[in-house]
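See structure below.
The values are calculated or read from the model by the stated rules, or taken from the named source; none is laboratory data. These numbers come from a predicted model, not from an experiment. Note: ideal-geometry Cβ built from the backbone for every residue, glycine included; neighbour counts use all protein chains shown. Ligands, DNA and RNA are stripped out before the accessible areas are found, and what is left, the full protein with its side chains, is counted by its heavy atoms. Shrake-Rupley method; radii C 1.70, N 1.55, O 1.52, S 1.80 Å.
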Amino acid sequence: MSHPAAPYEQYYVHRVMSKIRSGQGHPAIGPTARPLRNESELLEFLLKHGLQPGDLTIDYGCGSLRLAPPLIGFLEPGRYWGMDLAQDFLDLGRAHLSAELAQAKRPRLDVIADDVIQRARAAVPRFIISWHVCSKVPENRFDAYIGNIVAMMTPGATALVHFPEAAEMRKQTGLAWARPRSQLSSAVARANPNIVCKFDAVVPGEVNGIRQSYAILTLAA
Ligand SMILES: C[S@@+](CC[C@H](N)C(=O)[O-])C[C@H]1O[C@@H](n2cnc3c(N)ncnc32)[C@H](O)[C@@H]1O
């Protein structure tokens, strides 16, 4: 209310950091964060799509690295690159990593900005994964979110985007939405019509009309 011109992303960060600073904690970010299923989920889905240790992998919306340690451990040094909205989240992520893992694998962490996206594209990532992020993006910021992911893709790249899927856009909580898969495929087509967009299930079945799905974006080599 007191910052009507501030971007939505700043509001999101403020809400999450207020919970963490007040001691209330947050289920996905900071010291009280816990995986919904298991800590290896990012690594497991990337392996299913052919991840090799030398592949440069972007974790887009990495938060405080709740699901990153097994992936960082698998990749060669310097091949994990986490990006998120706020330095505060990345600092909590650094604190979450063991000193040994950080020293051995030198993960790169950056606050999302146009120059970071362009630098990542120039480094030719093989994979981009965005897990439990899409649901946090409101409709009027959706093209910017998908646009950044697509902008990092060069021929041969694959992006995996988790989202809660519903028949129609539906608010889940104050800061989360489920959406139809057509919203993803349309946004991808607007960003780059050469990208093929397919879908698969993260887990089988649905709860209250919502499936846990992910989009698989590929740009032919
Ligand atoms: C629920 S957390 C998930 C973090 C991490 N991917 C995980 O699964 O532990 C959602 C994350 O998405 C980030 N996020 C929200 N909106 C975003 C946007 N428009 N672009 C990139 N990241 C965003 C948030 O800052 C937050 O770190």
Give the residues of region 132-157 that are surrounded by fewer than 20 Cβ atoms within 10 Å (Cβ to Cβ), at negative phi and not hydrophobic (A, V, I, L, M, F, W, C), sorted by residue number.
Ser135, Pro138, Glu139, Asn140, Arg141, Asp143, Gly147, Thr154, Pro155
Considering each residue of region 111-131, count those that are open to solvent by less than 30 Å² (accessible area, probe 1.4 Å) and more than 12 Å from Gly61 (Cβ to Cβ), and give that number.
5
How many residues are farther than 18 Å from Cys134 by Cα, open to solvent by 50 Å² or more (accessible area, probe 1.4 Å) and touching a residue at least 24 places away in the same chain (Cβ under 8 Å) if we restrict to region 207-221?
2
If I go through region 166-188 residue by residue, how many of them are surrounded by 15 or more Cβ atoms within 10 Å (Cβ to Cβ) and either in contact with a Leu (Cβ under 9 Å, 6 or more places away or on another chain) or farther than 20 Å from Gly61 by Cα (or both)?
6
Please return the ranges of strands (runs of 3 or more DSSP E) entirely within region 109-221 where 3 or more residues are closer than 22 Å to Pro27 by Cα and away from the ligand (no atom under 11 Å from the Cβ).
158-165, 170-173, 196-207, 210-218
Being closer than 29 Å to Ala144 by Cβ, more than 13 Å from the chain's Cα centre (by Cα) and within 13 Å of the ligand (Cβ to nearest atom) is the requirement here; does Gly93 meet it?
yes
Being more than 8 Å from the ligand (Cβ to nearest atom) and aromatic (Phe, Trp, Tyr) is the filter here; which residues of region 9-27 pass it?
Tyr11
Qualifying positions in region 28-63 - over 11 Å from the mean Cα position of the chain (by Cα) and near the ligand (Cβ under 7 Å from one of its atoms):
Ala28, Ile29, Ala33
Within region 72-90, of all residues that are crowded, with 23+ Cβ neighbours inside 10 Å and within 11 Å of the ligand (Cβ to nearest atom), the one farthest from Asn148 (Cα to Cα) is Phe89
Out of the residues in region 20-54 meeting the condition of being among the charged types (D, E, K, R) and in a helix (DSSP H, G or I), tell me which one is farthest from Leu85 (Cα to Cα).
Lys48
